[in-house]
Amino acid sequence: MIAPQSSPGSHPAPADDDGGHGVAKRRFLHDAAVSAGDEPRRGFIRRALAGYERTRDAQQARYRDYEQARDAASLAKWAAVNHLDELLPRFEAAFTANGGVVHWARDAAEARRIVLDLVHAAGAKAVIKSKCMTSEEIHLNAALEAEGYAVVESDLGEFIQQLRGEPPYHFVFPCMHVRRDEISALFSEHLGSQPTSDPEQLTMIARRHMRRLYVEADVGITGANFLVAETGQISITENEGNARLTAGLPRVHIAIAGIEKVIERVDDLAVLLPMLATAGTGQPLTCYNTLYAGPRRAGECDGPEEMHLVLLDNRRTMLLADAEQRDALHCIRCGACLNVCPIFKNVGGFTYGTTYQGPIGSVITPHLRGLAEWNHLSGASSLCGACSAACPVRIDIHHHLLHNRRNAARTAPDRRERFGHRVFAFVAARPWLFALAGRLGRLTLPLAKRLRPPLLREWLSSRDLPPAPRRSFRSQWRARRGA
Ligand code: SF4
């Protein structure tokens, strides 16, 4: 069996240990500069996302009232997230009654330990996975491989990324940055297939390889889009049918989900599933929407013998305790905010260095991994608000980025920034000094352009200074009023 390694390639998966001391920020600035300079790749991403926007707009237009649907989806998530204390025990009771077992994990290390113990108890050799961002969050593949288990991703995009030794580029479209000819070369190298640029052929090559692995795997690991408290069911939505096979064919099914995935009623899916598909991929519904209600029962001919759910906190309860930003937990991971973000389009998914990229990743990562080390992500925004406008559950994403900036300034003020603001406030409060500073600025601007003083060097490395105006705004204003 070919067991591709998910161990670090050119873009290693983010580890629990962030390095500290501004390492993440330095890496971000470096990678952003490199990605922004890769014009062909940026053009490729821009074209792909322009296609997505056309499809999404056409799909939204088919709603009688899309804004009302957003209100309904937002309300369903608000009701769930604000009643997690009631809904999670309700879900656990119903899931247990269905024959499943719930495991609570405080953090990534505990979640990994639980999964490893379950895989070990199953006597497994091979593990097959469908798309599960929570497993990326806890770096599960590396942990399983370190203990000798062969792990294969069954989602096509994730499989391609696994072969490339890279984490997902985008949490909905994991390999959106990879061209067809690159996929063909990858399959030829790893699977021995003939080169082809036909997407259908490429899919068939992966499918043929995968089929055998479903049967050989002892454990199937999936994520979960929603957990229904009313019925104890897990809702998984997908386009390839691979999650169904991953959950249904191996002897043991393990699902991993964040605690915020719980919703109250099955009826809530009537709005959440179409909104997830419309905002995420521009489809009316994803191709496969399945509710899993426990392991195989007596008399049933298929399904796993055991079904487990690992419920992950990993600092989500800390975000829940923050009344101002709690609604970031409403996210249904549709990826729409990434698709419309001008920063994401230019710097790409890897630059963030996080499991969850783009605007929502920039909001939640400082909560999940520490504001001190990840605050720079809240600066990775033009605050244009395109993300908030695209969000199907109405998360005010760009305002949360501002909240993170404010919180960071309060908890760990940047001394240079603070000094700069004080100097500016002092100058701006004295009109004669402000005018003098303006005159000096106009005189020295051409020199600053040429000499690039250390204080401005970083800023000037990616920007052109405009030509200095001959006259100040004030003098122009006075002249105009006089005229
Ligand atoms: S924040 Fe909103 S738009 Fe972004 S992934 Fe989550 S649900 Fe989708």
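The set of residues in segment 295-305 that are buried (at least 16 other Cβ atoms within 10 Å of the Cβ) and modelled with pLDDT under 95 contains only 303. Scanning segment 312-330 for residues that are among the small types (Gly, Ala, Ser) and open to solvent by 60 Å² or more (accessible area, probe 1.4 Å) returns 321, 323. The set of residues in segment 70-125 that are over 27 Å from the mean Cα position of the chain (by Cα), of a type in the set (A, V, I, L, M) and either at pLDDT below 95 or not in a helix (DSSP H, G or I) (or both) comprises 101, 122, 124.
Residue by residue, here is whether (1) under 18 Å from the mean Cα position of the chain (by Cα); (2) free of Cβ contacts under 8 Å to residues at least 12 places away in the same chain holds:
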site: 365; (1), (2): yes, no
site: 375; (1), (2): yes, no
site: 395; (1), (2): yes, no
site: 398; (1), (2): yes, no
site: 407; (1), (2): no, no
site: 424; (1), (2): no, yes
site: 448; (1), (2): no, no
site: 453; (1), (2): no, yes
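Among the residues making up segment 143-162, those that are assigned to a helix (DSSP H, G or I) and touching a strand residue (DSSP E or B) at 6+ places or on another chain (Cβ under 9 Å) are 144, 145, 158, 159, 160, 161, 162. For the structure I just gave you, tell me whether residue 336 is at pLDDT 95 or above, surrounded by fewer than 19 Cβ atoms within 10 Å (Cβ to Cβ) and not basic (Lys, Arg). Considered against the rule, which asks whether it is at pLDDT 95 or above, surrounded by fewer than 19 Cβ atoms within 10 Å (Cβ to Cβ) and not basic (Lys, Arg), residue 336 comes out as no. Residue check: residue 288 meets all listed conditions (1) free of Cβ contacts under 8 Å to residues at least 24 places away in the same chain; (2) closer than 21 Å to residue 334 by Cβ; (3) touching a Gly at 6+ places or on another chain (Cβ under 6 Å) but one, namely (1). Close Cβ contacts (under 7 Å, 6 or more residues apart or on different chains) running from residues in segment 302-317 that are without any contact (Cβ under 8 Å) to a residue 60 or more places away in the chain to residues that are among the β-branched types (Val, Ile, Thr) and open to solvent by less than 60 Å² (accessible area, probe 1.4 Å) comprise 305/252; 316/259. Of the helices (runs of 4 or more DSSP H) lying entirely inside segment 315-403, those containing at least 2 residues that are over 20 Å from residue 50 (Cβ atoms) and away from the ligand (no atom under 14 Å from the Cβ) are 316-320, 358-369, 371-374. The set of residues from segment 263-293 being within 18 Å of residue 93 (Cα to Cα), in contact with a helix residue (DSSP H, G or I) (Cβ under 7 Å, 6 or more places away or on another chain) and away from the ligand (no atom under 16 Å from the Cβ) comprises 264, 292. Pairing residues of segment 337-356 that are without any contact (Cβ under 8 Å) to a residue 60 or more places away in the chain with residues that are open to solvent by 20 Å² or more (accessible area, probe 1.4 Å), at Cβ distances under 8 Å and at least 6 apart in sequence or on separate chains, gives 341/381; 341/386; 342/382; 342/384; 342/386; 343/381; 343/382.
The values are calculated or read from the model by the stated rules, or taken from the named source; none is laboratory data. Remember, it's a predicted structure, so these values are computed and weren't measured experimentally. Ideal geometry is used to build each Cβ from the backbone, glycine not excepted, and the neighbour counts take in all protein chains shown. The protein model used for the area step is the full one, side chains on, heavy atoms only, and it has no ligands, DNA or RNA in it. Shrake-Rupley method; radii C 1.70, N 1.55, O 1.52, S 1.80 Å.
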